[in-house]
Amino acid sequence: TFVVTDNCIRCKYTDCVEVCPVDCFYEGPNFLVINPDECIDCALCEPECPANAIFSEDEIPAGQEEFLKLNEELSAVWPNITEKKDALPDYEKWDGVEGKIQYLER
Ligand code: SF4
Ligand code: F3S
């Protein structure tokens, strides 16, 4: 599966959802996740993310391993998203800030 990681938080560009052939992105207030049971590992979403927040589960950056479980857990409760929308208002300010998991809203 592919996994959405820390740098999506408070940016949420949503470019990723447009290319997913199986529509397996799910949306929270300030973060998106991928449902690991639905993802077919096509890798199309990875280069689409302006925040470089999407990784194959084998390539999750050190220290961000918990996002694997978070994608699984939150995709079970958040609604599906299939169309791009505006990024969050302060996306430029937050893109690249480290450790945004502390701001994750559920
Ligand atoms: Fe969707 Fe493919 Fe990305 Fe999986 S790897 S979330 S199937 S676009
Ligand atoms: Fe998040 Fe990147 Fe998609 S910032 S919403 S994973 S395009």
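Checking each residue in the stretch 56-92 for being in contact (Cβ under 8 Å) with a residue 60 or more places away in the chain and not acidic (Asp, Glu) picks out 67, 68, 71, 81, 82, 84, 85, 87, 88, 91.
Among residues of the stretch 10-25 that are closer than 23 Å to residue 93 by Cβ, those with a beta-carbon under 8 Å from a residue that is polar (S, T, N, Q) and more than 7 Å from ligand 1 (Cβ to nearest atom) at least six positions away or on a different chain give the pairs 10/30; 12/30; 17/82. For the stretch 60-69, the candidate set comprises residues that are crowded, with 16+ Cβ neighbours inside 10 Å and more than 10 Å from the chain's Cα centre (by Cα); within that set, the residue that is nearest to residue 96 (Cα to Cα) is 64.
Residues that are more than 12 Å from ligand 2 (Cβ to nearest atom) and closer than 19 Å to residue 77 by Cα were ranked within the stretch 1-23; the one that is surrounded by the most Cβ atoms within 10 Å (Cβ to Cβ) is 1.
Per the listing 81, 54, the residue uniquely of a type outside the set (D, E, K, R) and closer than 14 Å to residue 7 by Cα is 54.
The residue of the stretch 47-85 that is nearest to residue 28 (Cα to Cα), among those that are of a type in the set (A, V, I, L, M, F, W, C) and within 13 Å of ligand 1 (Cβ to nearest atom), is 81.
Would you point out which residue out of 48, 72, 57 is within 12 Å of ligand 2 (Cβ to nearest atom), charged (D, E, K, R) and within 13 Å of the chain's Cα centre (by Cα)?
Within the list 48, 72, 57, the selection yields 48.
Taking the stated definitions as given, is residue 43 near ligand 2 (Cβ under 9 Å from one of its atoms) and among the aliphatic types (A, V, I, L, M)? Criteria not met by residue 43.
Computed from the coordinates by the stated procedures, all read-outs in this text should not be read as laboratory data. What you see is a predicted model, and the numbers here were worked out from it, not measured in a lab. So basically every Cβ, Gly included, is an ideal-geometry build from the backbone, and we count neighbours across all protein chains shown.
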